Amino acid sequence: MKDFANFIAEDKDPNEYDNEGEMAKGLLRTVMSAAEDLMNLLDDEDNLPEWAQGKITKAVDYLDSVRDYMNSEAQDDLDEQFQLAFKDV
């Protein structure tokens, strides 16, 4: 079984990634379009089947998880830049 440190090291392997940002943006455009369509189709009083509610809940959870990860990575980068900028002060 992999330990957490090895899992994180694999997660950040720079050789593994190749223009995923472009791919992710394309997928997110589809998500935005689907969400907009659903917002227009639904009325506040509508009832949805449980499977549909579950799919929407999962989609929100997955997107929130990725957003939290990306925000954390960005903050880590800013913290590192700040430490380097004031290293000799």
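Please treat every number below as a calculation from the coordinates, not as lab data. Just so it is clear, the model here is predicted, and its values are computed rather than measured. All Cβ positions, even for glycine, are placed from backbone atoms using ideal geometry, and neighbour counts span all protein chains on display.
Express in nm, to one decimal, how much length is gained between ASN19 and ASP77 on full extension, taking 0.36 nm for each residue of separation and deducting their alpha carbon distance.
Extending this stretch completely gives an extra 18.9 nm.
Mind giving me the nanometre distance, one decimal, between the label points for ALA35 and ALA85, set 7 Å out from Cα along Cα→Cβ?
In this crude label model, ALA35 to ALA85 measures out at 3.0 nm.
Just subtract the alpha-carbon distance of ASP44 and THR57 from 0.36 nm times their residue separation and send over the number in nm, one decimal.
Gain in length upon complete extension: 3.0 nm.
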